[in-house]
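What follows is a short report on a single structure.
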Amino acid sequence: PPEQPSRWATGLTLFAGAIMVVAGVLLAFAGIAAIVNDTVFVTTPGFVYAFDLTAWGWIHLLFGIVVLAAGIGVLRGQTWARAVGVVLAGLSVVANFLFLPYYPLWSLVIIALDIAIIWALVTHRQEVV
């Protein structure tokens, strides 16, 4: 008989997909906030990584939409979505590290969620049934 996926693997994959959906929505909202009113974020003076917040808003909005789409793919059991999810979560860690001077608490929360996503997606070895 074919081997059934473990409950842990299935649960972790569903967790990662759900977190990706939530993170995608939150990234999109942060992007919209920065696009509409870039003074909503307080900047840290003299920080090494200084960027235009409107540009960061567009990056976060587009990135959030892509993460949301990949999260839906993970929830549907798509193998490509798990691979894309790992890459996107890794990119999100870098992007949110650079966003630290503008919104440190938010960035740290998203970085922690991204690390949880990567861990969950790489520990799953079988397709979700």
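The values are calculated or read from the model by the stated rules, or taken from the named source; none is laboratory data. These numbers come from a predicted model, not from an experiment. Don't worry about glycine lacking a Cβ; one is built from the backbone with ideal geometry, like all the others, and counts go over all protein chains shown.
If the condition is being surrounded by fewer than 20 Cβ atoms within 10 Å (Cβ to Cβ) and either within 13 Å of the chain's Cα centre (by Cα) or among the aromatic types (Phe, Trp, Tyr) (or both), then the stretch 71-82 contributes 72, 80.
Taken over the stretch 31-61, the criterion of being aromatic (Phe, Trp, Tyr) and either surrounded by 13 or more Cβ atoms within 10 Å (Cβ to Cβ) or at pLDDT 65 or above (or both) is satisfied by 41, 51, 56, 58. Within the stretch 16-30, can one find any residue that is touching a His at 6+ places or on another chain (Cβ under 6 Å), at pLDDT 80 or above and not charged (D, E, K, R)? Yes, that holds for at least one residue.
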